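Below is one structure, written out as structure tokens; comments come after it.
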Amino acid sequence: MLKLIKSLSAAVLLSVVTLSGAQASGGGVDLKSVNWQHTGLFGTYDRAAAQRGLQVYQEVCAGCHGLNQVAFRTLQDLGFTEDEVKAIAKEYEFEGGPNDDGDMFDRAGKPFDKFPNPFANEKAARASNGGAFPPDLSLIVKARVGFEDYLYSLMTGYADTPEGFELTEGMSYNAYFPGHQIAMPAPISEEGVEYSDGTKATVDQMAKDVTVFLAWAAEPKLEQRKHMGLRVILFLLVMTGLFFAVKKKIWSDLH
Amino acid sequence: MSFEPKNPVVKWVDSRLPIIGMLHHALNDYPTPKNLSYWWTFGSLAGVMLVVQIVTGIVLSMHYTAHVDMAFDSVEHIMRDVNYGWLMRYMHANGASMFFVVVYLHIFRGLYYGSYKAPRELLWWLGLVIFLLMMATAFMGYVLPWGQMSFWGATVITNLFGAIPIVGESIVTWLWGGFSVDNPTLNRFFSLHYLLPFVIVGVVILHIWALHTVGSNNPTGIEIKDKQDSIPFHPYYTVKDLFGLGVFLIIFCAFLFYAPNYLGHPDNYIPANPLVTPAHIVPEWYFLPFYAILRAVPDKLGGVMLMFGAIAVLFALPWLDKSRVRSARYRPIYKQLFWIFLLDCIVLTYVGGKPAEEPFILIGRIATVYYFVHILILLPLVGLYEKHKPLPSSISEAVLDEKPSAKEAGNA
């Protein structure tokens with residue numbers, strides 16, 4: 001038994017090393033590492049940061065980037081009240097209809113709507129962005145190697161082009177983007193938004209806030225998951241202990 | 001031991017269809033070697049995982065839409081809107097990985113203790129058939145979310161069939177149901193992904209049938225000789241397997257609840273785009289050793305043949321291994337070769353996940369060559385020349401011999 005546990009744990013360790021080696025093909029740049037409140041075993045989303053992050057998304061990112069998997073109603077998870085959610089949804093306009101005459105009409109957004117795309121289609125998005133296509137941000141945190149740290153590093157990674165680096169016209173230098181040339185100009189600037197809660201809107205603060213918001217957007221069930229996981233694993237520990245005791249008891253007449 | 005039910009209903013049924021008696025023999029009084037270690041738990045764990053995959057899969061398919069324009073969003077719908085949909089999906093995705101973990105351990109246990117040798121050749125074959133079906137099922141399942149890795153993985157793997165001379169191109173078109181990986185491909189993959197698990201269930205039944213005909217192997221590799229050597233499956237192994245299941249579920253749940261995306265690839269959260277190729281197309285971890293073998297050969301057809309050959313040679317194992325002794329416990333040289341072979345497979349897994357560049361190409365080639373050298377050359381030779389350690393005369397004797405040494409180990 002002890003031998004089995006030893007060899008199993010050795011195998012697990014080895015495979016973790018193998019796999020993390022196998023998948024760490026990010027490009028060799030060390031990302032800035034932030035201690036996010038929602039990572040870790042009991043981590044929960046920083047509600048205040050996420051709410052500020054929503055503001056950054058709405059005022060800065062939403063001009064080019066969609067968030068088309070996220071419904072307004074789910075913003076209640078971040079601590080907004082039902083009325084606040086209704087008010088946020090109302091800021092957006094959607095096409096409704098057809099009405100009884102068969103005509104389409106514009107209507108205000110409702111909590112069940114999802115964040116609308118800023119462009120009608122990919123071609124329109126590319127036409128407005130010098131040929132580049134700003135990706136939808138619903139899953140961006142889960143869709144990039146490095147996750148939250150990558151997004152935060154990217155947003156704070158704009159710098160002057162180093163000497164000898166040939167930057168294509170219309171591109172920006174970014175220390176963390178693969179290839180270091182990114183079509184998106186530095187998205188956030190000092191005091192780019194005015195936070196309603198009085199937090200000072202530094203580039204660093206805004207990058208952190210919007211990262212928390214987008215982490216939530218990508219994995220809205222994180223808290224529910226960890227909460228359930230704790231209970232399930234505690235239960236399993238007790239159950240497995242009981243099985244072990246029963247096993248000992250049943251096998252004792254053999255030895 | 002004959003089954004004589006007392007309950008009149010059971011009696012009535014069993015005299016017409018002896019299914020309860022059959023289950024009784026299979027799960028209750030199946031005479032099992034008394035010395036099975038925890039390495040023998042992985043078979044039943046694989047069975048549990050098959051059930052988990054089928055149950056979660058059926059629920060997922062109630063909410064999933066197999067269409068190129070909707071598949072990705074329908075998976076996100078499951079993750080966000082369906083009650084406990086995230087749980088079902090993470091259980092299914094991580095469950096696939098866990099299924100392979102368990103099956104790989106099960107296979108390597110068979111290799112270590114010579115469980116493939118006569119009279120268990122068909123049992124071994126049926127296991128390999130299950131393994132092949134699992135690989136096909138897992139591959140097609142990975143395509144269903146229609147992310148970037150889904151799409152490009154499907155493209156790379158289906159294109160392999162294009163390497164077949166003359167008919168290759170037609171076969172690929174036939175597999176795709178068109179001229180590229182597209183909606184017809186997704187639809188048929190969904191259909192087959194739903195079908196194959198039930199085929200696996202069928203082969204599992206045959207696998208267990210064959211097992212119960214020839215009996216379980218055991219750490220000594222010698223057969224049950226008299227009553228002293230065996231114990232009924234229930235309650236001894238049911239409770240031992242339940243304990244094993246508990247430990248396994250804790251590991252499974254650690255991934256499921258705390259690192260559900262660890263074994264996945266971030267690119268699969270990007271919707272499939274036929275116009276953008278990911279920088280590195282990597283399959284799921286459980287395919288990496290075979291992917292490494294595929295890429296070890298500069299020629300496409302050669303690579304494909306070698307990759308399928310890597311599994312095909314396993315079918316010949318019962319005849320390649322000439323040793324009459326089963327368990328590596330009594331085979332000092334084979335024992336060392338086994339660990340080197342295991343290490344070789346881990347190296348292949350590692351290389352399979354790396355980009356195709358030096359030094360990984362060279363390492364991959366050496367590891368690939370060694371894989372085949374081990375099976376095709378070393379195994380037959382060792383079987384002929386190895387001097388095995390003295391075998392115990394029976395399982396009970398081996399168990400009794402072990403006792404004092406176990407105590408010593410405990411004191412040390």
Please tell me if A:ASN99 is assigned by TED's automatic domain parsing to the domain that holds A:THR211, surrounded by fewer than 19 Cβ atoms within 10 Å (Cβ to Cβ), of a type in the set (S, T, N, Q) and more than 14 Å from the chain's Cα centre (by Cα).
no
Qualifying positions in the range B:93-124 - in contact with a Pro (Cβ under 9 Å, 6 or more places away or on another chain) and either free of Cβ contacts under 8 Å to residues at least 60 places away in the same chain or among the charged types (D, E, K, R) (or both)
B:LYS117, B:ARG120, B:GLU121
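A quick yes/no check of all residues on (1) over 23 Å from the mean Cα position of the chain (by Cα); (2) of a type in the set (Phe, Trp, Tyr); (3) open to solvent by 70 Å² or more (accessible area, probe 1.4 Å); (4) within 18 Å of B:PHE287 (Cα to Cα):
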| residue | (1), (2), (3), (4) |
| --- | --- |
| B:ASP344 | no, no, no, yes |
| B:VAL347 | no, no, no, yes |
| B:GLU358 | yes, no, yes, no |
| B:GLY364 | no, no, no, yes |
| B:TYR371 | no, yes, no, yes |
| B:LEU378 | yes, no, no, no |
| B:PRO390 | yes, no, yes, no |
| B:ILE395 | yes, no, no, no |
| B:LEU400 | yes, no, yes, no |
Can you pull out the residues in the range B:204-231 that are open to solvent by 40 Å² or more (accessible area, probe 1.4 Å), in a loop (DSSP other than H, G, I, E, B) and out of contact with any strand residue (DSSP E or B) (no Cβ under 9 Å at 6 or more places or on another chain)?
B:LYS225, B:ASP226
Could you please give the count of residues in the range A:232-255 that are in contact with a Phe, Trp or Tyr (Cβ under 8 Å, 6 or more places away or on another chain) and closer than 30 Å to B:LEU87 by Cα?
5
If we take the range B:1-112, then helices (runs of 4 or more DSSP H) inside it with 3 or more residues that are away from chain A (no Cβ under 13 Å) and farther than 22 Å from B:TYR237 by Cβ are B:8-16, B:42-63, B:85-112
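Scan the range A:42-77 for residues that are among the aliphatic types (A, V, I, L, M) and within 14 Å of chain B (Cβ to nearest Cβ) and jot them down.
Quick first cut of the range A:42-77, residues among the aliphatic types (A, V, I, L, M) only: A:48-50, A:54, A:56, A:60, A:62, A:67, A:70-71, A:75.
Hits for the range A:42-77 are A:LEU67, A:VAL70, A:ALA71, A:LEU75.
The values are calculated or read from the model by the stated rules, or taken from the named source; none is laboratory data. Since the structure is predicted, the reported quantities are computational estimates derived from the model, not experimental observations. Cβ atoms come from the backbone with ideal geometry, glycine included; neighbour counts cover every protein chain shown. Ligands, DNA and RNA are excluded from the accessible area calculation, which covers all protein heavy atoms including side chains. Shrake-Rupley method; radii C 1.70, N 1.55, O 1.52, S 1.80 Å.
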